[in-house]
1. Just name one of Pro245, Pro257, Ala218: the one whose Cα is farthest towards the positive end of the charge dipole of the chain (beta-carbon charges, Lys/Arg +1, Asp/Glu -1).
2. So what's the gap between the Cα centers of the range 198-228 and the range 1-46, to the nearest angstrom?
3. For Thr14, what accessible surface area do you get with a 1.4 Å probe? Give it in Å², rounded to 10.
4. Ranked from highest to lowest mean number of other Cβ atoms within 10 Å per residue, what is the order of the peptides 162-168, 6-12?
5. Which one of Ser13, Ala24, Ala42 is farthest out on the positive end of the charge dipole of the range 1-47, using unit charges on Cβ (Lys, Arg +1; Asp, Glu -1) and the Cα centre as origin?
6. Dipole size in debye (nearest 20) for the chain around its Cα centre, Lys and Arg Cβ +1, Asp and Glu Cβ -1?
7. Which value, in Å², gives the accessible area per residue of the range 212-261 when a 1.4 Å probe is used on the protein heavy atoms?
8. For Ala237 and Val201, what is the calculated FRET efficiency with R₀ set at 25 Å and r taken between the beta-carbons, to the nearest 0.05?
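The values are calculated or read from the model by the stated rules, or taken from the named source; none is laboratory data. What you are looking at is a predicted structure, and each value in this text was computed from that prediction instead of being measured. Quick reminder, even Gly has a Cβ in these numbers, built from the backbone with ideal geometry, and neighbours come from all protein chains shown. These area figures cover heavy atoms from the full protein model, side chains too; ligands, DNA and RNA do not enter into them. Shrake-Rupley method; radii C 1.70, N 1.55, O 1.52, S 1.80 Å.
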Amino acid sequence: MSDRKYAVITGASTGIGFELASLAAENGYDILVVADEALIDAAAADFRTHGGAVESLQADLSTIEGVDALIAATNGRTIDLLCANAGRGLGKGFLDQDVADWRRVVDTNITGTLYLLQTVLRDMVARDAGKVLVTGSIAGFIPGSFQAVYNGTKAFVDSFTDAIRDELKEAKGVTITTLMPGPVETEFFDRADMMDTSVGVSESKSEAGDVARDGWDAVMAGKASVVSGWKNKVQVAMAHVTPAPILAHMHRNMAEPGSAE
């Protein structure tokens, strides 16, 4: 068995997850990359150019069975780094969304993420060693009109990671870092059916590589959290002092269908 460090990165076929996996491979980790689409195998071929062992798995991480398949695919290797990045968005008004669609957002962003974290962290805490990076969002600070379920799930993730970080503070060798980007130039908005919105077509979104680098640097340093991008730091500061109805209306202006016109 390899004596190299071992990392697991979810949502790694594109976007932030792809960039995180590239950084892990570049920095000497053997990696397991996971996504719910066949593109993950092509992505793995790119990661192999950095050297080291790369395994890929197509699995639906909104399900307990998908997370169990991920754990089985590690073949008992010690996970030194987990990047829990898999997530799903959903635009349009809540009453216009299908139950199956919004439930998959909840199950991917919350249920699957929590089950994966609980499973991996138990082993890390037992040996008092390991790093975890969880992709939250500044969306968790903003009532998300026309993206209400997604923003709600990210509010949960941001809060949950703060809570378990305190619960596990006696495990000095274990760190949990929350990466909180704003809008990022990825396939997220297309997949969330938001390309008719102001935020969907905006040219001011962050680059996935820059966000991943911020997250990588923060998790390697053992930081509790990082807001990626100075504009997003300002937005988070404003969110703490702005009444919720105003925040919700501001979000409507970005995310309401047709706002791209």
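1. Farthest along the dipole direction, towards plus: Ala218.
2. 17 Å
3. Answer for Thr14: close to 30 Å² accessible.
4. Top to bottom by mean Cβ count within 10 Å: 6-12, 162-168.
5. Ala24
6. Here the chain has a charge dipole of around 800 debye.
7. Ligands and nucleic acids excluded, the result is 59 Å² per residue.
8. Rounded to the nearest 0.05, the efficiency is 0.45.
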